[in-house]
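Dropping a structure here in structure tokens format, bear with me for questions.
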Amino acid sequence: SGTVLGLLLYVVIVTGAVAVFAKEIGIWSQPGAYNSTGIGSKVDSVFRQNARSVDPKFYEEVVIFRNREDNLVLSFRAHEINPKTNNLEDNAVELTIDPDTTQILNRWEGFFSDKPSEPGYVLKQFWVDLHVELYLPRPYGLILVGILGLMMMAAAISGILIHRHLIREMFLPARTSKRVLSARDYHNLAGTWGIPFAILLAFTGVFFSFVRDIGIPVLAMVAFGGDQAAMIETIIGGTESLSKAQAPLASLDYILQDASKRVDGVINSILIQHYDTASANVRINMAAADGQLVATVLGYEGVTRQFMGFKPAFGQVPSVGSSLISIIGPLHFGNFAGFASKIVWLGLGLAMAFVTATGMLLWTKRREEQRLWREFHKWIYVFIWGLPIAMLVSAYAFFLTLPAGDPAWWTPASFFLASAIIIVGCIRGSLPEESFRQMTGYMCLGLPILRHLTGGTSWSEALTSQGQGAVIAIDLILLFSGLVLVFWHRIRDTESRLSAKPEPAE
């Protein structure tokens, strides 16, 4: 049971390492320009003009932001129980507006859990769902991933307790005399260095897995008599005594200009709570500046436009709990220092995947005299290399079907079809590890080429367009990974020759 759950944990870790670049993958996979200049400073007239066409029940919360195509999005929301999931969700009316002509380009209504993904973001969303929920129905996927996170945290903590020479093993060079000894040393070396990272990722991942579908309902039941809406209002920091009396909202343009004077940065979005009432309040969300761990939120009284101060992410006043919750996201996703920290998180995530994979291989290798464990040893290799191959196949299917505008079905279908083919192929005849590695390498090398041939953003366009650096970065990561995997055996041979002791002269 431990090794079976270890395979699922390996899937979560590998997809998590990839999901660190979810935003960049979304930019890389969808052709066209990408807006990174923020919301701007003039939205008041467009907002008021379109708000009149929306049912006032959706005035409970309004979010205003710019999408990838630089269009203005007005999202009017009401917190309601979704009858499909029996969970509190946002039921919304979302308008996409051309900011120049003020023409409504698209109108969508419904619960956010039912909202279809944009074609260009299907690949990113599929890989994220694979990490977050193992592509299982909610809440079962979240619960399973949360349990795997608890296992990972327990393994890391118990590793600290049972390793008698933990510090020494962190600086122990790997032996190259025998392959098994070398694999075990590399496993111990990566594991000991990765223990703090494993605990950090596991704890923050468990928080995200359990907080929505378990934590919120339980907390609402215990402290708020089952009223999830009242609990959300308290946590987010709504107005204590709500007045339903109608009152005009102050100018959003004035509030935006005032926020820009107080904080130098890009305005990501506007949040209006209880619009069209005397209890209205406005929050301006500024992007995290260089060197900052979390974003800045400025609060304004909606009717009088009075500045109410800098708001914490949770609660009505700054607190230790709010600060801790605010940093959980940046620490889990590794985006606190931009692209550089994401590269570090990718490397550490792959190191954790290596520890998980080699740990299972060493466990089954010791028991290879038993037929069951000998067969399971082979299937571990199928998981280790089959997962990245199937993920790459889904990317190929995405780019091939994107021009037709129908990648939503083919992207996940191709992943599971590729997985089935690999499993059937290994049942009928074992594929050697070298073949898997070569296949993965060549697929990495071919993916940037296919992306370009199917209309993706070229490097020249990426260099001249703001916010398109991710296109070149992801391509380079794929090309580098492909070259390393294709020429892996030559690299290993060179390392062996360099580390071998010279023979004594006769």
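The values are calculated or read from the model by the stated rules, or taken from the named source; none is laboratory data. Everything quoted here is computed from the prediction, not taken from an experiment. All Cβ positions, glycine included, derive from the backbone under ideal geometry; neighbour counts span all protein chains shown. For accessibility, only protein heavy atoms count, side chains too; no ligands or nucleic acids. Shrake-Rupley method; radii C 1.70, N 1.55, O 1.52, S 1.80 Å.
Have a look at VAL46, VAL14 and point out the one that is touching a Ser or Thr at 6+ places or on another chain (Cβ under 8 Å) and either modelled with pLDDT of 85 or more or small (Gly, Ala, Ser) (or both).
Checking each option against the conditions leaves just VAL46.
Could I ask something else about it? For the structure I just gave you, tell me whether PHE310 is in contact (Cβ under 8 Å) with a residue 12 or more places away in the chain, under 30 Å from ILE13 (Cα atoms) and among the hydrophobic types (A, V, I, L, M, F, W, C).
Here the answer is no, as PHE310 does not meet what is asked.
Moving on. Looking at PHE58, PHE47, can you tell me which residue is under 27 Å from GLN125 (Cα atoms), in contact with a strand residue (DSSP E or B) (Cβ under 7 Å, 6 or more places away or on another chain), crowded, with 17+ Cβ neighbours inside 10 Å and not β-branched (Val, Ile, Thr)?
PHE58
Looking at GLU375, GLU434, GLU368, which is the one that is in contact with a Lys or Arg (Cβ under 7 Å, 6 or more places away or on another chain) and open to solvent by 50 Å² or more (accessible area, probe 1.4 Å)?
GLU368
Take the residues in the stretch 412-430 that are surrounded by 12 or more Cβ atoms within 10 Å (Cβ to Cβ) and more than 22 Å from THR15 (Cβ to Cβ), then tell me which one is modelled with the lowest pLDDT.
Only one residue tops the list, namely SER430.
In addition: Which of (1) in a helix (DSSP H, G or I); (2) under 27 Å from the mean Cα position of the chain (by Cα) is the odd one out, the single condition GLY455 does not satisfy?
The failed condition is (1).
Answer with yes or no whether ALA397 is loosely packed, with under 12 Cβ neighbours inside 10 Å, of a type in the set (Gly, Ala, Ser) and within 24 Å of ASP475 (Cβ to Cβ).
The answer is no for ALA397.
Restricting to the stretch 109-128, give me the number of residues that are at pLDDT 90 or above, open to solvent by 40 Å² or more (accessible area, probe 1.4 Å) and either at positive phi or of a type in the set (Asp, Glu) (or both).
Selection size over the stretch 109-128: 1.
Quick one: which of ASN106, ASN91, ASN82, ASN87 is surrounded by fewer than 19 Cβ atoms within 10 Å (Cβ to Cβ), in contact with an Asp or Glu (Cβ under 6 Å, 6 or more places away or on another chain), closer than 30 Å to ASN268 by Cα and polar (S, T, N, Q)?
Every option except ASN82 fails the conditions.
Also, I was wondering about something else. Restricting the search to the stretch 236-278, which residues are out of contact with any helix residue (DSSP H, G or I) (no Cβ under 7 Å at 6 or more places or on another chain), among the acidic types (Asp, Glu) and at pLDDT 90 or above?
The answer is ASP258, and nothing else.
Given the criterion in contact with a His (Cβ under 8 Å, 6 or more places away or on another chain) and either without any contact (Cβ under 8 Å) to a residue 60 or more places away in the chain or not in a strand (DSSP E or B) (or both), identify the matching residue among GLU80, GLU94, GLU109, GLU89.
Only one candidate qualifies: GLU89.
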